[in-house]
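Visitor: Quick one: the structure is below, questions incoming.
Coordinate-derived values only; no laboratory data. Computed from a prediction, not measured in an experiment: that's the story for all the values here. In this analysis, Cβ positions are derived from the backbone assuming ideal geometry, glycine residues included, and neighbour counts consider all displayed protein chains.
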Amino acid sequence: MKKYETESIRNVALIGHMGAGKTSLSEAMLFITGLADRLGSVDAGTTVSDSDADEIERKISLTGALLPLEWRDHKVNLIDAPGYSDFIGEVIGALHVCDGCVLVVDAVAGVEVDAERYWAMAGERGLGRLIVINKLDKEHADFERTLSQIREQLGSRPVPLQIPIGQETSFSGMVDLLRQKAITGSDNAVQEGNPPADMADAIAGYREQMIEAAAEAEDSLTEKYLDEGGLTDQEVARGLRVAACGGQAVPVLCAAATKPSGARALLDAIVNYLPSPGDRAPVTGTHPDSGDEESRPPSPDAPMAAQIFKTAADPYAGRLTYFRTFSGSLHSDAPAYNAIRRARERVGQVYVPRGKGQEAVPAIPAGDIGVVAKLHESTTGETLCDESKPIVLPAIDFPAPLLAVSIRARSKTDEDKLGNVLSRLVEEDPTLRVTHDAQTRETILAGMGDLHLTVALDRIQRKFGVAVERGEPTVAYRETIRGEASVQAKYKKQTGGRGQYADVWVKAEPLEHGAGFEFVDRIVGGVVPRNFIPSVEKGIREAMERGIVAGYPVVDLRATLYDGSYHNVDSSDIAFKIAGSMAIQKAVAEARPALLEPIVSVEVAASEQYMGDIMGSLNGKRGRILGMEPVGNKQVIRALVPQAEMFTYANELRSLTQGRASYTMTFSHYEEVPEHLAQRVIDEKRAAREKER
Ligand SMILES: Nc1nc2c(ncn2[C@@H]2O[C@H](COP(=O)(O)OP(=O)(O)OP(=O)(O)O)[C@@H](O)[C@H]2O)c(=O)[nH]1
Ligand SMILES: [Mg+2]
């Protein structure tokens, strides 16, 4: 691959609801650019992107695939993200390092719930955005209906750059509205011609909308349009680029990925309308020592700053680290500095994927994305930089897990390996967490949902050869407080020789939902010596992590250390840690503790006749119905339901509707568990611990 300037790079995430056709579309792009010698298919398990055994088996994407390709003297770093919301961590990682995205929407199913979610995430991050309406060749495809869903559900202004010629089985290509040409045939043998005569009105109407959207994007274009009543093709393109980058309007393209049709025009649109890394404002981070803000421009000559967005365990190559260079250049066989760990890394050979293979490169300059094997220290979210110009870029915000299962190795030998395997798994996937319940002696694996955990357990078996059994699902309850309490805790022990002494006063107050934990040090006059204060905090944190009332982590709480006393000889770190732990346990117990449970947002789609039964069953699960609306020939019910009630929903819904309904479930927020149920949860957890003893 030749060398590309920052302006000629496009980092683009392909996002969308599960099964919309992202992988098929990526495969089509690889095929027409010569990086795949034949057009692979998801159904046959032959795509470049879905190449893991578990992706092939399930026919869905489970990880984001980095697929660099070259088009019209540009380098396009495509990241084909999974659609299934359990794998949202991969979407977040991809959006973090991309400047633009393409939302793929299924013309049959329309705009679905995860499309809405990922679209909003891309918008919040200020990415340039395009939409492709795919599967136009499929029965029940509807271009116009999808456009109105984009307007209503995504709250965006769709501006078609193309309109389909025919639809469903009669789909034969599209009209390029800017050039007013019909593009037919498959992508590797396209034919251009005059548009069908009966489409003249539609073309004129959509073309007008497109020109207006371009004119409104920039003041000078608006003026010209108003004065002269038109714009040149170049001006339209310029306006569309401004609109796509700023979000005022969204260029929409057409595709039938598996034909393949639409991939060429999509690549053109990516190059023409999405931003380059050079269009980005400088990245900002902090200096690891002073904490002062630092910024780095997207220029290959500036000091280096690169961020890791993905870590993968490759059975042959070992640990693979995917990174984007935001500033400067990350060179092969050169040192790099991880400022947060204060560690030097030896970077080996850097490379970029190329189709199913890879290509070694001397460096990854600002704006580009690359891979390196066998870094020892650094993991996902961390920054690599010049040691003389250290910077820490903001961490990538991955969501906390929602569902947990207990796991157990099948044999003693596997048990010995399990710990190591789990830590590698967690390193690969920042949305997985492993905890050990010291009291029940269980290992708990927590993730984003059932499929996420199933895939993780399969990987333990398949990739690392360790056989594991899965226990009962457990809800990731949390504890919090509703009131305040100020308490004293004194830890004092006098056993021959040196004793132990620590005395602290701690106040606990509730914080708003999602605020986490805050420790405030209000000690004056050295009544608790400076050097012991971190131990108090540590004791508090550890007790909160273990849980106080029911053994679930305590969240959304501020602990203020405001008084205490010490002993010249007997006070120690450990004594203050124990006192901190005792204090928070006492304070939480007195501050009206409450249990929180995860609430999921559920969307069920089925035909009208099943609506009554579906609503009845959701109501029976403490669900709150938010609304119902027709989508295509179905009704979609939206509801908020406690996750604890939803474990067997797949089976229930199947029997309620003879398998004719589908549903999606995504985490929404935490809510207090009603009092009468909370006691039961606490008792059950206690009983489980008793049993293990
Ligand atoms: N008829 C038709 N089928 C398509 C088209 N695009 C994709 N498909 C089929 O739709 C299914 C899902 O396609 P994928 O490319 O895996 O979709 P995806 O968006 O990558 O799915 P996830 O990664 O699992 O979210 C496969 O069976 C494809 O063959 C299309 O344009 N027309
Ligand atoms: Mg896919």
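Visitor: Compute the relative contact order of the chain as a whole-number percentage, counting only Cα pairs closer than 8 Å that sit 6 or more residues apart in sequence. Numbers along the way, then the final one.
Guide: Numbers: 1582 pairs, mean separation 63.8, N = 693.
It comes to 9 percent, rounded to a whole number.
Visitor: If you keep only loop residues by DSSP, which trypsin sites (Lys or Arg not before Pro) in region 517-595 have at most 11 other Cβ atoms within 10 Å of their Cβ?
Guide: Working: sites: R522, R530, K538, R541, R546, R558, K577, K586; in loops: R522.
Sparse-neighbourhood loop trypsin sites (Lys or Arg not before Pro): R522.
Visitor: What are the trypsin sites (Lys or Arg not before Pro) within region 1-83 that DSSP puts in a loop, where the Cβ has at most 15 other Cβ atoms within 10 Å? Please report the intermediate quantities before stating the final value.
Guide: Details: sites: K2, K3, R10, K22, R38, R58, K59, R72, K75; in loops: K2, K3, R38, K59, R72.
In loop regions of region 1-83 (DSSP not H, G, I, E or B), the sparsely surrounded trypsin sites (Lys or Arg not before Pro) are K2, K3, R38, K59, R72.
Visitor: Mind listing the phi-derived Karplus ³J(HN,Hα) values for region 130-140, rounded to whole Hz, using 6.51, -1.76 and 1.60 with θ = phi - 60°, and x for any glycine or proline?
Guide: Once θ is set to phi - 60°, the couplings for region 130-140 become 10, 10, 10, 8, 9, 6, 5, 8, 8, 4, 6 Hz.
Visitor: Counting only residues 5 or more places away or on other chains, whose amide H sits under 5 Å from the amide H of V132 once H atoms are built in the peptide plane?
Guide: For V132, the qualifying residues are L103, V104, V105, L253.
Visitor: Just rank Y316, Y322, fewest to most, by other beta-carbon atoms within 10 angstrom.
Guide: Numbers: Y316 5, Y322 22.
Ranked by crowding around the Cβ, least crowded first: Y316, Y322.
Visitor: Once you order the gyration tensor axes a ≥ b ≥ c over the Cα atoms, which shape class does region 640-693 get: rounded for a/c under 1.5, otherwise prolate or oblate by comparing a/b with b/c? Could the numbers behind the result be given before it?
Guide: On the way: a/c = 3.05, a/b = 1.86, b/c = 1.64.
Since a/c reaches 1.5 and a/b is larger than b/c, the shape of region 640-693 is classed as prolate.
Visitor: Once amide H atoms are placed 1.01 Å from N in the peptide plane, what residues at a sequence separation of 5 or more from A36, or on another chain, have their amide H within under 5 Å of its amide H?
Guide: Amide H to amide H, under 5 Å and 5 or more residues apart or across chains, A36 pairs with F31.
Visitor: Rg and Dmax of the chain, using alpha carbons, in Å: what are they?
Guide: Cα-based Rg and Dmax for the chain come out at 28.1, 101 Å.
Visitor: Per the Cauchy relation, a quarter of the hull surface: what is the mean projected area of the convex hull of the alpha carbons in region 27-102, in nm²?
Guide: Details: hull surface 21.0 nm².
Result: 5.3 nm².
Visitor: Collect residues whose amide H, placed 1.01 Å from N in the peptide plane, falls under 5 Å from the amide H of E442; neighbours closer than 5 in sequence don't count.
Guide: Distant-sequence amide H within range of E442: D437.
Visitor: Now for a different question. Quick one: order I548, I211 by neighbouring beta-carbon count within 10 Å, fewest to most.
Guide: I548, I211
Visitor: At a threshold of 8 angstrom on Cα-Cα distance, excluding pairs fewer than six apart, so keeping six or more, what relative contact order does region 607-693 reach in percent? Could you put the intermediate results ahead of the total?
Guide: Numbers: 58 pairs, mean separation 18.5, N = 87.
Worked out over region 607-693, it gives 21 percent.
Visitor: Counting only C-alpha contacts under 8 Å and six or more residues apart, can you give the relative contact order of region 470-604 as a whole percent? It would help to have the intermediate numbers written out before the result.
Guide: Numbers: 300 pairs, mean separation 55.9, N = 135.
About 41 percent, as a whole number.
Visitor: If you don't mind, another one. Give me a comma-separated list of calculated 3J(HN,Hα) values for region 8-21, in order, Karplus coefficients 6.51, -1.76, 1.60 applied at θ = phi - 60°, integers in Hz, x for any Gly or Pro.
Guide: 9, 10, 10, 9, 10, 8, 8, 10, x, 5, 3, x, 5, x
Visitor: Between rounded, prolate and oblate, where does region 267-377 land on the alpha carbon gyration tensor, with a ≥ b ≥ c its root eigenvalues, rounded for a/c under 1.5, else prolate if a/b exceeds b/c?
Guide: Numbers: a/c = 1.98, a/b = 1.03, b/c = 1.92.
Judged from the Cα gyration tensor, region 267-377 comes out oblate (a/c at least 1.5, b/c at or above a/b).
Visitor: Another question, then. Nearest 500 deg cm²/dmol is fine: what mean residue ellipticity at 222 nm does the chain get from its DSSP H runs of n ≥ 4 alone, each adding -39,500 (n - 2.57), divided by its residue count?
Guide: The per-residue figure over the chain is -9000 deg cm²/dmol.
Visitor: Show me, for region 180-195, the HN-Hα J-couplings you get by feeding each phi into the Karplus relation (A = 6.51, B = -1.76, C = 1.60, θ = phi - 60°), rounded to Hz, glycine and proline as x.
Guide: Per residue, the Karplus-derived 3J(HN,Hα) values read 6, 10, 8, 10, 10, x, 8, 4, 8, 8, 6, 10, 10, x, 6, x Hz.
Visitor: Okay, next question. Under 26 Å between alpha carbons, and skipping anything fewer than 8 positions from K492 in its own chain: which lysines qualify?
Guide: The qualifying lysines are K507, K538, K577, K586.
Visitor: Arrange C245, C98 by Cβ neighbour counts within 10 Å, fewest through most, would you?
Guide: Values: C245 20, C98 29.
Ordered by Cβ neighbours within 10 Å, fewest first: C245, C98.
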